[in-house]
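A quick write-up on the structure given underneath.
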Amino acid sequence: MKIAIFTDTFYPDINGVARTLKRLTSYLEDQEIAFKIFAPDSYSNEYHSTNIHHFKSCSFFLYPECRLAFPNLLHLKSELIAFSPDLIHVATPFNIGLCGVFFAKKLNIPLVGSYHTNFDHYLHYYHLHFLSKIHWKYMHWFYQTCRKLFVPSTDTFLQLKHHGFSNLEIWPRGVDCQLYHPYYDKNAVRNFYSTEGKYLLIYVGRLAPEKDIKTLLEVAKSIPAELNEKIHWLIVGDGPLSEQLQANAPVNMTFTGFLNGNGLAEVYSASDLFVFPSPTETFGNVVLESLASGTPVIGAKAGGVKNIIKAGVTGYLCKPGNVQEFRDAIIQILSNDGLREQMGIAGRDYALTQRWDRIFEDLIWHYANVIEEQNRLEFIS
C-alpha cells in the first residue's frame, strides 16, 4: 500500500491537523507502509524527511498555521507518478488539497478526504458570516469525489450530514498516555513559572477569536476575590490576540507562549483545572491531553469537546460564551478537593482507552477497502 497525503499544514506547525498527520505518518513508518507528504514549507526548517515534498507558501489570514502554497504542477505530477500511490488523502481544502483532488481525478487514483476545521464557525468570529453559503458550496465541491470523508467526532459527523455530505466515517483522535500523565513534578512547574496561589488553572490553544478567548478573560476576572487570590493562570499558546490579551490580563495570569512535548505535558500535570471556552472545535485534542494528565476540564458545550467531556464525571460543560456558567463550574470544582481528584482519575481512565494504534488500524482498514473497490472497478471495466 502506498499513500499520498496532500495537506496545507504539517509538522512542525503547531495545530491539531499537523500533529494528527505527523502521528499518522509515524504509524505508517512503523507499519512499513509507504507514504509521501505534499505540504507547504514551514516557518521552521527543523524537520527533514525524504517522504515530504515542500512548496513555497504564505500564511492564510483566517488560519495562519494553514499556509497557501504555490506548487509547480509539472514537478508535482512527475513526483506523484514516480511514487505511484494506491490512494490519495486530502487533509485540507486549500491549494495543496486542490492539487490532490485534481491529480486523483487526472491519474485515476482513488481519493479520500478528512475534515478537521469548522471554518464556517470561524467566519462568525471574523465578521465574515455572510460567506457561509459560499463556504458550504465550496466544501461540497471539494469533497464530492472522495470515496470516504473522515471526521473527528460525532458532532462533526452530524453537522456534515445535516449539510448533505455522504460517505462519512468517524476518525477520532487518540492521546499519548506515556507523554501525558499525572506523575510529573508539580512543584518544579510551579517554581519554574513563579506561580503563586493554591490553585493552578490553565488554557492551552491558539490565542485567536475563534477560541473565544474573550470569554476566558472575563471568566478569570469574574472569580470572587476570596478565591481569586488563591488562583494563578497559565495561558499556553500564541496567536493574533496575544498582545491584546496580555495588555488586559489580570495580575495572576502568566503567558507562556507555545509549548510542546514534555514542557506542555508537565504543565497539564501540574494544573488543577483546564478551562477551554472554544466552541469551534471539531475534536479538541488539548481536552484529551488534559484528561490523560489527570486534570479535569471545563469546556464549552459545543463541537467535538462535548463528545469528550463526560459532564460531572471528568469535568463540566458550559453554554458557549456564558461567563457565569464557567465561573460557577470553576468554583464548584476548586471548592471540592474530593470531586476534583475523582474527576482527574476518571479522566485519566478514559484517556487510557483512546489508543492511537487502534484508531489508525481502523483508518488503514478503510484505506484498504477503498483501494480494493477501485481495483474491482478497474477489473470489471
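The values are calculated or read from the model by the stated rules, or taken from the named source; none is laboratory data. Just so we're clear, the structure is a prediction, and the values are computed from it rather than from any experiment. Using ideal geometry, Cβ is built from the backbone for each residue, glycine included, and neighbour counts are taken over all protein chains shown. SASA here: full protein model, heavy atoms, side chains in, ligands and nucleic acids out. Shrake-Rupley method; radii C 1.70, N 1.55, O 1.52, S 1.80 Å.
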Are any residues in segment 147-166 in a helix (DSSP H, G or I) and over 28 Å from residue 293 (Cα atoms), and if so, which ones? 158, 159, 160, 161, 162
Per the filter on segment 308-327, residues part of a helix (DSSP H, G or I) and either within 25 Å of residue 17 (Cβ to Cβ) or open to solvent by less than 20 Å² (accessible area, probe 1.4 Å) (or both) are 326
Considering only residues that are assigned to a loop (DSSP other than H, G, I, E, B), in contact (Cβ under 8 Å) with a residue 24 or more places away in the chain and closer than 18 Å to residue 282 by Cα, which ones fall in segment 167-181? 171, 172, 173, 174, 175
Enumeration of residues in segment 105-131 that are aromatic (Phe, Trp, Tyr) and in contact with a strand residue (DSSP E or B) (Cβ under 8 Å, 6 or more places away or on another chain): 115, 119, 122
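Being touching a residue at least 40 places away in the same chain (Cβ under 8 Å), over 21 Å from residue 350 (Cα atoms), of a type outside the set (Ser, Thr, Tyr) and touching an Asp or Glu at 6+ places or on another chain (Cβ under 7 Å) narrows it down to one residue among 148, 186; which is it?
148
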Given the conditions (1) closer than 20 Å to residue 121 by Cβ; (2) in contact with a Ser or Thr (Cβ under 6 Å, 6 or more places away or on another chain), every one holds for residue 301 apart from (2)
